[in-house]
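The values are calculated or read from the model by the stated rules, or taken from the named source; none is laboratory data. Since the model is a prediction, treat every value here as computed from it, not as a measurement. Here Cβ is always computed from backbone atoms with ideal geometry, including for glycine, and neighbour counts include all displayed protein chains.
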Amino acid sequence: MVPPADPRRDQLALAIQKIVDQTPILDIHTHLYDPAFGPLLLWGIDDLLVYHYLVAEAFRYLDLPYDAFWRLTKEQQADRVWQVLFTQRSPLSEAARGVITTLHRLGLDPRQRDLPALRRWFADWKPEDYVTRCLDLARVRAVCMTNSPFDDLERPTWERGFNRDPRFLTALRIDPLLVGWPDASRQLATAGYLTSSDLTQASFDGSQRFLHDWSQRIGARYVMVSLPPSFAYPDPSVTSQLIEKVVLPFCRESGLPFALMLGVKRAVNPALALAGDGVGRSDLTALQNLCAAHPDVRFLATVLSRENQQELCVIARKFRNLHVFGCWWFTNIPGIIEDMTRTRLELLGLGFTPQHSDARVLDQVIYKWDHSRRIVAKVLTEKYLDLADAGWWPTHQEIQRDVLALFGGAFETFCGPSR
């Protein structure tokens, strides 16, 4: 016999969806830039279409050598991607569907398949106004940039100073220091921080001063690096030594968390340029060892391989100095996001951040958060209804509190006040 329907269940589901839809988000990891950085802030239809997710997909159909594609102008590249992914085929992949969602939410009709008309529409916007338009549509209150003092295009803007947009927070990206030491040491020497590329105490001290100066200059909320599946700690490698002697002492002294994004295989197909990176399963013993050996340092972590997700949650259960965040890159697709969010809720409760957009093009915050909100609402509804079946009916205020934690509040609590 089927039990009678309980209208409270439908009311609860509707309340959860509404709260998830309306709660402002802190997007804790993006590749966006404050408008003051000019052309480094990517936006508009051509940047959407030449996003490396779509370029990699388009090359499965393009009858064009890689080097010939890269010689084209951005507009010509976008024309090719539009043709093979949106005109000749239905845009069913998550990256392609994201373009459709974005255009639709902006009030445009992509089914007209009129790329020149779309370009004219975007050309009428000023970047500062368009930033507000996109963040408002995505209901994002702030985004955290990825800021590298080793980037010759980005660094001059920081050095001359600019009026900061408070919606753009900062993270200090140090990949060149940890995975490209010879080149990074030369840059540090030119800037007056090092006298030698040898891994001496003087080099460690100079590198720490560099991190201190740049974290202060940009107001970093955390320090971050992406590392390959082979990363090990402790280990005699240059990367492990620099983490031990430079990054961890700096994080301990500054109070900034150290974010590790684990599992990327760089340039598995170099001809694809930025689109040519791959994925591998990481040995998370390195992360476990870091958390265990340095309980006074806070770690943020996300992993690229689906096979690593459960182990990551188990490590986070054991170490309170670890905060799990986001569905990175190849895991940022609906089926995997749903599975990861459910697993994390079941193992960690509310002590994690389920998503970050990883947006490289401003417009992407619209579709990435539209799609993710639906998934988060779906999984939360399941879990709250499970609670209701067990006799615990959450209040509206409790749901609001929980969603605020998932959409940036837990991250802010973990990181502590900005300095």
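Worth a mention:
- Test for Val84: is it surrounded by fewer than 20 Cβ atoms within 10 Å (Cβ to Cβ), touching a helix residue (DSSP H, G or I) at 6+ places or on another chain (Cβ under 6 Å) and in contact (Cβ under 8 Å) with a residue 12 or more places away in the chain: yes
- Some residue of region 67-88 being within 21 Å of Trp43 (Cα to Cα), in contact with an Asp or Glu (Cβ under 8 Å, 6 or more places away or on another chain), outside any helix (DSSP H, G or I) and polar (S, T, N, Q): no
- Annotation note: Cβ proximity below 7 Å between a residue of region 56-67 that is under 16 Å from Leu274 (Cα atoms) and a residue that is part of a loop (DSSP other than H, G, I, E, B) (sequence gap 6+ or interchain) occurs for Glu57/Ser93.
- Residue in region 264-296 that is nearest to Gly416 (Cα to Cα), counting only those that are of a type in the set (A, V, I, L, M, F, W, C) and part of a loop (DSSP other than H, G, I, E, B): Leu284
- Check on Arg344, of a type outside the set (Ser, Thr, Tyr), buried (at least 23 other Cβ atoms within 10 Å of the Cβ) and at pLDDT 95 or above: yes
- Failed condition for Asp151, given (1) assigned to a loop (DSSP other than H, G, I, E, B); (2) without any contact (Cβ under 8 Å) to a residue 24 or more places away in the chain; (3) over 19 Å from the mean Cα position of the chain (by Cα): (3)
- In region 169-176, the count of residues that are polar (S, T, N, Q), crowded, with 19+ Cβ neighbours inside 10 Å and either closer than 19 Å to Ala359 by Cα or in contact (Cβ under 8 Å) with a residue 60 or more places away in the chain (or both) is one or more.
- Residue selected from region 262-312 under the condition among the basic types (Lys, Arg) and buried (at least 17 other Cβ atoms within 10 Å of the Cβ), by the criterion nearest to Glu244 (Cα to Cα): Arg298
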